[in-house]
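Report on the structure given below.
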Amino acid sequence: MRHLFLCAAALAAATTASAQPMPVEHPLLHELAAQVSAERQHATIARLVGFGTRHTLSDTRSPTRGIGAARRWVAAEFAQMSKDCGGCLTVQTPSETVTGRRIPNPTEVMDVLAIQRGTTDPDRVIVISGHIDSRVTDVQNFTSDAPGANDDGSGTAAVIEAARVLSKHKFPATLVFAVLSGEEQGLYGGHVLADYAKQQGWRVEADLNNDIVGNSEGINGVRETNRVRIFSEGTKTVETPAEADKRRYNGGEVDSPSRQLARFMDGLADRYLGNFDVTMVYRTDRFGRGGDQNEMLKAGFPAVRVTEANENYTRQHQDLRTQDGIRYGDVIEGVDFAYLANVTRLNVVAMAALASAPAPPTHVEISGAVSADTTVKWTPSPDAAGYRLWWRGTTDPQWRYSREAPPTGHALLKDINIDDWFFGVSAVSADGWESPVVFPGAAGSWAHEDPPPATSARAAPPPPVKR
Ligand SMILES: [Zn+2]
């Protein structure tokens, strides 16, 4: 969506908000976007297709065919990148042995992760993920060729290219480049990733899950090269019944942290990607379908699904064949590499922006019922130089108005009535990097939070009431 960064005059006319500066322009993000290479991504997918099948149940010992060879190749790519950046990446291969509806015999589901440790806040983690496993028509068929060029060679190539570009830079937060397995058998690799993140004590701020991101011509014949969809849940998968009660009454059904990530990425596309736009879809995934982000959401980690604008179902989960003049199968000819590079740019820019900004504010609360003004409170963090208050009409898709807020964790929006707007607050670094906006209360918080730490002012007993 082309959303509104209104000039001061228009803004003053439109609302009671004070003049709003344009967001800070970060040359680094233009530079990173320019470094993404469609040619290298072509080479990556050609290599992945070359393993014949990457089915989760396929051969793991062959040096040339099957998911084992493919995973080892990815690990070797990450190791080479790490060499080129002075050891900046750690390669990990967490796995779980799984038996399930689509996994009849115990099978090791292994992810390949490259971890780029953050310089100042290493437990805060930004993840990009894609799945390396592939399939044909019969989900249990692990021997036929399953090129999986787009599903999800494209997402895997986005992860690998993001690592190549971002590993040449340093960021305050940790970046994780995640190549997952077992997606087609039941999102097992997403589960392995979520378990690993919990074991490591990561505060996962975002998982950008890229699945089917390289085709620009839909089954409807529409060719759209300048748009990508971002699916995000509106309310948290881990919301409790008590939280749902509160949210139903006061709002928050379209303001989960995952939804704020989608808004954040939409804004970045408008500023940094020229003729490439984000369509936000207010759903966790496509209708009746799922992806590895679901497992992260179940673990309480904000996550979105990135998917091409128009899918072509003759190339998904199909035996390679020609039938009634239609060529079926997920072949490399179905990938538009210029398009995939643009989707990858969006991910790279988003990861760099998230990892450079302070963590999203915590303990955000609003008050102001039966008064003309609204008060916003949050817990100040030493990482943030300042904060920005945002608000929008309750039916607006994007944050619309904003104003600088003091670093005190407390701000009053005079003559802005709490009933008529949705509010949020973002954290801003000294050099202008801004976090996603946080909606107040449990509906919008990035984590299940303990009550705010008592400050001396807050802890002081109330003054005696004169009767
Ligand atoms: Zn997929």
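What the table shows:
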quantity	calculated
By average C-beta atoms within 10 angstrom, highest first, the peptides 388-398, 248-258	248-258, 388-398
Distance from the range 103-130 to the range 59-87 (C-alpha centre basis), Å	15 Å
Rel. contact order, % - alpha carbon contacts under 8 angstrom, at least six apart, the range 366-438	38 percent
Under 13 Å, Cβ to Cβ, from Ala372 - net charge with Lys/Arg +1 and Asp/Glu -1	-3
Distance from the range 214-231 to the range 245-274 (C-alpha centre basis), Å	22 Å
Pairs from Lys198/Lys414; Lys198/Lys246; Lys168/Lys198; Lys170/Lys414; Lys170/Lys198; Lys83/Lys298 whose Cα-Cα separation, in the structure shown, is over 32 Å	Lys198/Lys414; Lys170/Lys414; Lys83/Lys298
Full-extension gain in nm, Asp420 to Asn105, via 0.36 nm per residue minus C-alpha separation	107.8 nm
Cβ-placed point charges (K, R +1; D, E -1), dipole of the range 142-300 about Cα centre in debye, nearest 20	540 debye
Sequence ranges 151-161, 341-351, 66-76, ranked by mean other-Cβ count within 10 angstrom, highest first	151-161, 341-351, 66-76
Net dipole in debye of the chain [+1 Lys, Arg Cβ; -1 Asp, Glu Cβ; about Cα centre; nearest 20]	580 debye
Cα pair distances exceeding 36 angstrom across the chain, given as percent	29 percent
Residues of type aspartates and glutamates that Lys236 reaches as a straight line, Cα spacing below 19 Å, ignoring anything fewer than 8 places off in the same chain	Asp195, Glu205, Asp207, Asp245, Glu253, Asp255, Asp285, Asp292, Glu295, Glu365, Glu449, Asp450
Computed lengthening from Asp373 to Thr90, 0.36 nm per intervening residue step minus Cα-Cα distance	96.9 nm
Kyte-Doolittle mean at least 1.0 and Cα axial length at least 24 Å: DSSP H helices in the chain	337-356
Probe 1.4 Å, accessible area per residue of the chain, Å²	41 Å²
Residue-span extension gain [Leu28 to Arg283] - 0.36 nm each, minus C-alpha spacing	88.6 nm
Surface share of carbon and sulfur [accessible, 1.4 angstrom probe, percent] for the chain	53 percent
Ordering of 190-199, 176-185 by burial proxy (mean other Cβ atoms within 10 Å per residue, highest first)	176-185, 190-199
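The values are calculated or read from the model by the stated rules, or taken from the named source; none is laboratory data. Just so it is clear, the structure is predicted and the values come from calculations on it, not from any experiment. Positions of Cβ are backbone-derived with ideal geometry, glycine not excepted, and every protein chain shown enters the neighbour counts. Just the protein is used for accessible areas: all its heavy atoms, side chains included, with ligands, DNA and RNA removed. Shrake-Rupley method; radii C 1.70, N 1.55, O 1.52, S 1.80 Å.
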